[in-house]
Amino acid sequence: MARGKVQMRRIENPVHRQVTFCKRRMGLLKKAKELSVLCDADIGVMVFSPHGKVYELATNGNMQGLIERYKGSNTEAHGESSEQNKPEVIQQEVLLLRQEIDLLQKGLRYMYGENDINHMNLNELQALESNLEIWVHNIRYTKMQIISREIEMLKTKEGILKAANDILQERIIEQSGILDTGSNMMMPQFPFQRTMEGGYYF
């Protein structure tokens, strides 16, 4: 049975939410550093915690310098917006989107056995291969996230069971002590002893 899409929503438990924030933040900054090293890219990341604390990463220079560069490039982009709104450019973008949609539909038909890949050309096969690799990566990532959550749930349940077991052990020990005390109180401290003559004495 296929699993449904994992729903992303706010974590209600404040402790779990803070732990998740710290882990995800560290992972985000690590990935940004790796991308900067691998692709020689200038990256700026700014994260505000729920309590307002700011965490930032600038891989080249400082954050202020990257912000100034962004403002400059954004101004240039607005100046070129009139060129991008030409009908020829829009038509070209629509054509590319249609081609991409057609390729994805072919890929889906292939996955469900409704299409033969022998009818696809080299470019389509390469594009399909690239999309499949992305899908597989996303599936594996989602699967690992689900497994990690299930492991955390099992650890939590294990801790609860251990605590309950400890409490039961303590109660058993307490009950055993009470029973032992009661037995000692019922036994006479100076039991009767029979004499050689058949009499009894204290």
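Readers should treat all values here as calculations from the given coordinates under stated rules, not as data from a laboratory. Fair warning: this is a prediction, and the values are worked out from it, not measured in the lab. Here the Cβ positions follow ideal geometry from the backbone for every residue, glycine too, while neighbour counts run over all protein chains shown.
General observations
- Sequence of 153, 120, 8 once ranked by neighbouring C-beta atoms within 10 Å, starting from the fewest: 8, 153, 120
- Computed from the C-beta positions of residue 153 and residue 17 and an R0 of 22 Å, the FRET efficiency is 0.90 to the nearest 0.05.
- Links that overshoot a 26 Å alpha carbon limit, given the list 31/157; 23/53; 33/157; 31/155; 30/53; 30/157: 31/157; 33/157; 31/155; 30/157
- Label-to-label distance, residue 173 versus residue 135, with points set 7 angstrom from Cα along the beta-carbon direction: 5.9 nm.
- Alpha-carbon Debye profile of the stretch 13-79, log10 I(q)/I(0) at 0.16 Å⁻¹: -0.66
- Counting other Cβ atoms within 10 Å as a rough exposure proxy, the listed residues 39, 22 run 39, 22 from fewest neighbours to most.
- Proxy reagent accessibility, fewest Cβ within 10 Å first, across 110, 141: 141, 110
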